[in-house]
Each structure stands twice: as C-alpha cells, then as structure tokens.
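Participant: Mind looking over this structure? Questions follow.
The values are calculated or read from the model by the stated rules, or taken from the named source; none is laboratory data. Just so it is clear, the model here is predicted, and its values are computed rather than measured. Glycine gets a Cβ as well: all are built from the backbone with ideal geometry, and neighbour counts include every protein chain shown. We work out accessible area using only protein heavy atoms, side chains counted, and drop any ligands, DNA or RNA first. Shrake-Rupley method; radii C 1.70, N 1.55, O 1.52, S 1.80 Å.
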Amino acid sequence: MTPTHPRTALPKLRRLALAIATGVALGAAAIGAAQAKTFRIADQGDAVSMDPHSLNESLQLSFTGNIYEALVAHDKKLGLVPGLATKWSQTSPTVWRFELRRGVTFHDGAPFTADDVVFSFARAAAEGSDMRSYTNEIAQVRKLDTHAVEIVTKNPFPILPDVIALVYIMNRKWCEENRAERPVDKRKGVENTASFRANGTGPFRLRSRDPGVRTVLVRNQNYWDRIESNVDEVVFTPIGADATRVAALISGEIDMMQPVPVQDVARLKQNPNLEILQGPELRTIFLGMDQARNELLFSGVKGRNPFKDVRVRRAFYQAIDVDAIASRIMRGAATPTALMVAPGIRGYAPELAKRLPYDPEASRKLLAEAGYPNGFEVKMNCPNDRYVNDGEICQAVAGMLARAGVKVNLEAETKATYFPKILSRNTSFYLLGWTPGTYDSHNVLNAILGTPDPSGRGQFNLGGYSNARVDELTRLVQSETDQNKRNAMIAEAFRIHQDEVGHLPLHQQALAWGVKRNVSLVQLPDNFNYFKWVVLK
C-alpha cells in the first residue's frame, strides 16, 4: 500500500485499540477445522436500515460494515489498510488515485468495478444521504478504467483516505434494478429496497430482515479475503429491556450483548460462564441547543430564542453536575469532559480539558442577567435505547436544570423515531453522542461545529452553531500537513467553541460488552464489531 500521510500511523490510538482488544488470533488451519457455528448477538437498539448511506450512526455502520465495504479499511489496531482498493497515492494536492481490487464480486455475483465506486460516492453525496459530511470536500470521482478511479477534492485534503473509510460501496446495477438509486432518507421517512435488502462485497451477506425483531447474516462463501472466523451465521436481535437482555446472556440464549447495563457489570463479572469486556470509547456524549431560529420550536418563550444568548448557554452548562452523572447514573463508566473529542482522537487538546465549574447559583444569576429571572420552559429530546443510560442521563439533566429554574419537558423515545426527528432539526434541546469516524478532530469540526450548508458541512450541527473563524480554521486544518501547526489550529477552534458554549459536552462513555467464555472477538474503541474476527470455541 502506498503511504497516505504520516498521521495515519495513529500511534496513540493504535495502542488504545490494542490495549482493549481481546484475543483474536487463530491460525487459518484451526479456523478451517472448527465447525461453523451461529453467533447470536443482542443490542439495546436495532440497526434501523440496511442502506449503508441512510444513517451515520455507529451501530448502523458497524452492522452494515459486515455486508458492505469501503475502498479503505481499518485493521485491529485502527490503522488504515487496503479494502476494495489495493493501493492509493496522491498524484497532486487535490487528486488521489485508487487502484481497485480485481476479482471481487457482489453477493449476487456481479463484478465489482469502477462504475460502482463512482455511483456509490455520488449516492453518498446525494440529498437524503446521512454520509454527506464525509463527501462534502469531494469535487469529483472519475473512472480511469474498470479498476482505477481518481478522487478530486475541492482543496488539498491529505486525510482523504481516513475520511472515506466509512463510505461503503454499493452495486450500481442492483440499485438501479431495485429502484434504490437514491439513499434512504430517514429524516423524511423515505424508504426503498435498500432499507430491507442488501448486496455488498463484505464477508457476510443478508439472509433475512425483520426490522425491530431479528436480522440474519450468513457467511459469504465467495469473499475475496480470508475470514478469520468459524461463524457461518449471525443472528442479531434488538432487546431494549436491560433485564431481558442480561437474562438472555446468562441463560445462554445469546452469545454476546451490548451494552452491559452499568448496574449489572459487577454481578456479571462473578459469573464463571461470562466475560465482561470493558474499555474506553471514543464517543463523546453532549447536549445541543437550537441557536439558529429566532424563536424556539418547543419553549415557553415566545418571540425570541434564549439559546442565542451565551449567558443562557453558560447557565445550562454550569447547572449540570457531570460528576454526579458519572458516579450515580453511569456508576463510574464515564469520564467527564470539556471537549467534543476524546483522548486518542488526533487533535485532542488536553490543555482545554478543564470544565466550567458546576454552580447552580451562578446559573440562576446568568439566567436573570439574560432576562429570565424565573427561568423558562423548553422541551428536551432524548433517545432511550442508543447510548449507555441515555434516558436516565436526560432525566438527571432535567432535574438539575430545574434547580436553576428551567422547566424541561423531557421526550425520550426509541432511536428509530428519535433520529429522524432531530436530524430534521425539529428540536430545541437534545442529547447526542459522536465518535469521529476518521479518528481525527477535523471530523467534529466539519460535521458538528461547522456552519451548516447544502454540501454537507455541519450536517450534524443540529442546533445551528456558527462561527466564521471556526469554519476558516476547519478549512485550514483540512489541508495542513505540519502536525504542530495543525494541532494549534484545532485547539484554537475548540477554544472558540468553548468560550461561546456552542455545545454542552458531558462525558466519554465506556464500553461494556458481555460475552460467553467461548467467544473470541475484537473490541475496538469506536464500538464497531466485525464478525469476520469472531470465533466460537
């Protein structure tokens, strides 16, 4: 593989991944000799669509990442490795050439070619796609021959290979024949064949799909690479109730579950038949506020928007006791943070890690100064089956804000209805979690802090935070190759965002997977689970 950029070495992040990875290596002969088995896994929520461009969410991308593949992939240490491209090189500051893997077929037997790559990038960048923040700096993807493409960027973009690692490739002909040329749009409730059928190149193919109930994958016998697994079938079942999910693991009905409820970790560790895999996650849990509208959609305040005032945003920040959330709600399985990225992400600035102090009295004074001496009323949107104890976190936040005089009307719901709502920006105050898919701070600057525009920048900046200098720094960070200069620009952008209280960071949650003792797999700090590395002993 042609080296992409010095930063792709990710030394700290690789050490982090290695530290929390569990035993994986088995020789090919041992795997081949082992009897193929069914791997049964349960999660608190479902992968809401089989369309790989429909939702930029870790569970969604992790699950469909077993069916579909990108041009570049990640290894067990989160380093970049060849995927559907065998090598890549930067032929000019704005042009990348990718040599495509030959002899690869989709699950229906169709050959993989450059036409599929050009089609898939256009599809991922189309209206309705949830992956546009990964393609917004791409000007063109052009076919050179059947197994070579060039990606032209709008500006120099040395981290492009990192950015496109989650842009999965679909078969153009299959999409056209099945009327799935455009991505499923979860915001508008638009579905198509790709919602419940799939045709990728990955190590597993979709056998059946019953949304919210059960999804079954089977091994792709024609996969182009060696599969380090004896798993022949994967049965994925969403089980929302913590107690039911835990009972299924203890009884042996399932082989793995995630997340393990924090209140059950200690008890399950005592079970000789189980193993609890824990480690830091690269996800930051934060709160967002609508700062764009002149009047909030869901508030008791009419004719103005309290969140446009930095004093109100700071009042909310200082009214939330993140240490109490970490200790009582998360039972220690969370690290309070002042930043929108976690340690291990390129550009993390430890000098900015100190939070504003928890101070309800200061919050009340700030609200009074802003013209709300009696507080105000606002609706808060929250999922209850996506992040660890997400519903409980929102309940705690509502109670803490009440002490500062703010009445929060909490609306907690399943992510299947939550995400379409907030991604349409039909919210005034919301909770979200984010893991940069590139493991780089540029991802957060571009997708979360960037001023929203039609290209896909700021696609997940659901509250409309906007600062021209942050946008300028994001463009500079994108092209800068000097790591020290780059880190300084990232830190400046984060400092501006902190001073303006653009979002309310809460914590980085910890990973907790429960598995039977006979399961060997890799736990990555981005919470992706690749079945090609699962072995049942």
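Participant: So what are the ³J(HN,Hα) numbers for the range 277-285, from phi and the Karplus equation (6.51, -1.76, 1.60; θ = phi - 60°), rounded to whole Hz, Gly and Pro as x?
Facilitator: Using θ = phi - 60°, the values come out as 9, 10, x, x, 10, 7, 8, 10, 9 Hz.
Participant: Given the C-alpha centroids of the range 98-123 and the range 163-192, what is the distance between them in whole angstrom?
Facilitator: Comparing the Cα centres of the range 98-123 and the range 163-192, I get a distance of 14 Å.
Participant: Can you give me the pair-distance distribution of the range 432-494, C-alpha pairs, 10 Å bins, whole percents?
Facilitator: 24, 56, 20, 1
Participant: Lys/Arg Cβ at +1, Asp/Glu Cβ at -1, dipole of the range 236-310 taken about the Cα centre: which of LEU268, LEU249, ASN305 is farthest positive-ward?
Facilitator: With unit charges placed on the Cβ atoms, the residue in question is ASN305.
Participant: Hey, rough spin-label estimate for GLU472 and ASN271, points 7 angstrom out along Cα→Cβ, what's it come to in nanometres?
Facilitator: My value for the distance between the label points is 5.7 nm.
Participant: Expected output is a single nm value to one decimal: the length gained when fully extending between VAL216 and GLU351, i.e. 0.36 nm times separation in residues minus the C-alpha distance. What is it?
Facilitator: 44.0 nm
Participant: Over every pair of different alpha-carbon atoms in the range 367-438, take the mean of 1/r and invert it; report that Kirkwood radius in Å.
Facilitator: 13.2
Participant: A further question follows. Do any trypsin sites (Lys or Arg not before Pro) in the range 250-303 lie in a DSSP loop with no more than 16 other beta carbon atoms within 10 Å, and if so, which?
Facilitator: Answer in residue order: ARG293, LYS302.
Participant: Post the alpha-carbon centroid distance, the range 64-97 to the range 408-437, in whole angstrom.
Facilitator: 31
Participant: For the range 258-390, taking Cα atoms only, what is the radius of gyration to one decimal and the Dmax to the nearest whole Å?
Facilitator: In order Rg, Dmax, the Cα atoms of the range 258-390 give 18.3, 61 Å.
Participant: Same structure, new question: Could you give the length gained on full extension between VAL310 and ALA110, defined as 0.36 nm per residue of separation minus the Cα-Cα distance, in nm?
Facilitator: Length difference between fully extended and current span is 66.5 nm.
Participant: Follow-up. Leaving out ligands, DNA and RNA but keeping every protein chain, what accessible area does GLU191 have, in Å² rounded to the nearest 10, with a 1.4 Å probe?
Facilitator: Number for this one is 100 Å².
Participant: Sorted by packing (mean other beta-carbon atoms within 10 Å per residue), highest first, where do 489-495, 86-92 land?
Facilitator: Going from most to least packed, we get 489-495, 86-92.
Participant: Given H placed on each backbone N at 1.01 Å, which residues far from ALA42 in sequence or on other chains put an amide H within less than 5 Å of it?
Facilitator: Under 5 Å from the amide H of ALA42 lie the amide H atoms of THR237, MET256, MET257, GLN258, each far enough along the sequence or on another chain.
Participant: Within 10 Å of each candidate Cβ there may be at most 12 other Cβ atoms; applying that plus a DSSP loop requirement, which trypsin sites (Lys or Arg not before Pro) in the range 323-361 survive?
Facilitator: In loop regions of the range 323-361 (DSSP not H, G, I, E or B), the sparsely surrounded trypsin sites (Lys or Arg not before Pro) are LYS354.
Participant: Same structure again: Lys and Arg at +1, Asp and Glu at -1: add these up for the other residues within a Cβ distance under 13 Å of ARG142 and post the number.
Facilitator: Net charge around ARG142: -1.
Participant: Kindly list the residues of the range 298-337 that lie in the label zone of GLU377, defined by a backbone N under 16 Å from the point 7 Å along the Cα-to-C-beta vector.
Facilitator: Within reach of a label on GLU377: 298-304, 306.
Participant: To continue, here is another question. Provide the gained length on full extension for the span ARG207 to GLU361, in nm with one decimal, where the gain is 0.36 nm per separating residue minus the Cα-Cα distance.
Facilitator: Computed gain between ARG207 and GLU361 is 49.7 nm.
Participant: List the Cys residues of the chain that have no partner Cys with a C-beta closer than 4.7 Å.
Facilitator: By the Cβ distance rule, which asks for a partner under 4.7 Å, the isolated cysteines are CYS175.
Participant: Using the Cα centre as the reference, give the magnitude of the dipole from point charges on the C-beta atoms of the chain (Lys, Arg: +1; Asp, Glu: -1; all else neutral), rounded to the nearest 20 debye.
Facilitator: 360
Participant: Summarise the accessible area of the chain (1.4 Å probe, protein heavy atoms) by the percent that is carbon and sulfur.
Facilitator: 49
Participant: Evaluate the distance, in nm, between pseudo-label points positioned 7 Å from the Cα of GLU127 and of ALA241 along their respective Cα→Cβ axes.
Facilitator: 4.4
Participant: Let me ask something else. Would you tally the net charge around ARG283, using a Cβ to Cβ cut-off of less than 12 Å, leaving ARG283 out, and scoring K and R as +1, D and E as -1?
Facilitator: -3
Participant: May I have the extent of the alpha carbons of the chain along their three principal axes, as whole Å values ordered from largest to smallest?
Facilitator: 69, 57, 43
Participant: What is the set of long-range amide H partners of GLY375 at a cut-off below 5 Å, with H atoms built 1.01 Å from backbone N?
Facilitator: none
Participant: Just the accessible area per residue of the chain, please: how many Å² with a 1.4 Å probe?
Facilitator: Using a 1.4 Å probe on heavy atoms only, each residue of the chain averages 36 Å².
Participant: FRET efficiency for GLU411 and GLU253, Cβ-Cβ distance as r, R0 = 41 Å, nearest 0.05?
Facilitator: 0.80
Participant: Using just the C-alpha positions of the range 83-157 as equal point scatterers, what log10 of I(q)/I(0) does the Debye formula give at each q in 0.13, 0.14, 0.19, 0.20 1/Å?
Facilitator: With one equal scatterer per Cα and no solvent, log10 I(q)/I(0) is -0.40, -0.46, -0.82, -0.90.
Participant: Along the charge dipole of the chain, pointing to its positive end and built from +1/-1 on Cβ of Lys, Arg, Asp and Glu, which listed residue (SER327, MET170, ALA416) has its Cα farthest out?
Facilitator: SER327
Participant: Compute the Rg to Rh ratio over the range 237-285 from the alpha carbon atoms, using the Kirkwood formula for Rh, and round to two decimal places.
Facilitator: Radius of gyration over Kirkwood radius for the range 237-285 works out to 0.97.
Participant: Per DSSP H run of at least 4 residues, take -39500 (n - 2.57); add these up for the chain, divide by its residues and hand me the 222 nm value, nearest 500 deg cm²/dmol.
Facilitator: That comes out to -7000 deg cm²/dmol.
Participant: Test of understanding: express the Cα radius of gyration of the range 69-115 as a ratio to 2.2 N^0.38 Å, with N the residue count.
Facilitator: My calculation over the Cα atoms of the range 69-115 gives 1.30.
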